[in-house]
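**Q** Below are the structure tokens for one structure; questions will follow.
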Amino acid sequence: MSTGYQIYNQNAVYYLTFQVVQWVDVFTRPQFKEVAINSFDYCRRSKGLELFAYVIMTNHIHLIARAKDNFQLSDIIRDYKKFTANALLKEMEKPTESRRDWILKRFEFSAVAHQRNSKYQLWTHENHAIELHSNKFIEQKLEYIHQNPVRAGIVEKAEEYLYSSAKNYGGLTCLLEIDYL
């Protein structure tokens, strides 16, 4: 098992990346992005997650987060990924999902490689956790997160992207309440 990018200090601020296996573009449908947003909201309200920044791209999510006292960031992430995987797979299994067979085959293929999976694997097992030690490093990662949709050519300004905390920091109406840095 890899020792890099692990969460050692459970109450530190971390930059994290949740990647969909094989870079499958899951978050192209609004209902799939809503699962991610609603799950973050639940984790903030009920599981001790402090969410400082996020962006939901088509095949990965970046965030800056920390666990409140008496909570473990690793546990929150595990629960978030497990719940969202189950909810997303349930949505994808619906007959109305035009990419259903192709996507589920990708997730089934990925599950075969890991014993701890049952039928499907949606998320990679890594979280690419990087502890943020300084304000300069935090600002760098915050900028990176918010500029991700701009670099991808989705929007011209970070605040235009609906599924990002850039709207929060810009003082605009947003989908998800966050904890400000």
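The values are calculated or read from the model by the stated rules, or taken from the named source; none is laboratory data. Not measured: the values here are computed from a predicted model. Cβ coordinates were reconstructed from backbone atoms using ideal geometry, including for glycine residues, and neighbour counts include every protein chain displayed.
**Q** When you scan region 88-171 for helices (runs of 4 or more DSSP H) that lie fully inside it, which ones turn up with 3 or more residues that are in contact with a helix residue (DSSP H, G or I) (Cβ under 8 Å, 6 or more places away or on another chain) and at pLDDT below 95?
**A** Correct list: 100-112.
**Q** Looking only at region 111-137, count every residue that is β-branched (Val, Ile, Thr) and exposed (fewer than 13 other Cβ atoms within 10 Å of the Cβ) and tell me the total.
**A** 1
**Q** Give the residue that is farthest from the chain's Cα centre (by Cα), with candidates limited to residues of region 138-156 that are surrounded by 13 or more Cβ atoms within 10 Å (Cβ to Cβ) and in contact (Cβ under 8 Å) with a residue 24 or more places away in the chain.
**A** If we take residues in region 138-156 being surrounded by 13 or more Cβ atoms within 10 Å (Cβ to Cβ) and in contact (Cβ under 8 Å) with a residue 24 or more places away in the chain, then Ile138 is farthest from the chain's Cα centre (by Cα).
**Q** Also: Ile76: among the β-branched types (Val, Ile, Thr), assigned to a helix (DSSP H, G or I) and modelled with pLDDT under 95, yes or no?
**A** In short, no.
**Q** Looking only at region 1-24, how many residues end up being surrounded by 15 or more Cβ atoms within 10 Å (Cβ to Cβ), over 22 Å from Gln140 (Cα atoms) and more than 11 Å from the chain's Cα centre (by Cα)?
**A** 2
**Q** What residue, of Ile64, Ile37, Ile7, is among the hydrophobic types (A, V, I, L, M, F, W, C), farther than 27 Å from Phe109 by Cβ and assigned to a helix (DSSP H, G or I)?
**A** Within the list Ile64, Ile37, Ile7, the selection yields Ile37.
**Q** Please enumerate the residues belonging to region 37-85 that are among the hydrophobic types (A, V, I, L, M, F, W, C), without any contact (Cβ under 8 Å) to a residue 60 or more places away in the chain and closer than 24 Å to Glu160 by Cβ.
**A** Within region 37-85, Ile61, Ala65 meet the criteria.
**Q** Let me ask something else about it. Please give the number of the condition Asn70 fails out of (1) on the phi > 0 side of the Ramachandran plot; (2) surrounded by 12 or more Cβ atoms within 10 Å (Cβ to Cβ).
**A** The failed condition is (2).
**Q** How many residues are more than 16 Å from Phe40 (Cα to Cα) and touching a residue at least 60 places away in the same chain (Cβ under 8 Å) when one looks only at region 170-181?
**A** Here the count works out to 1.
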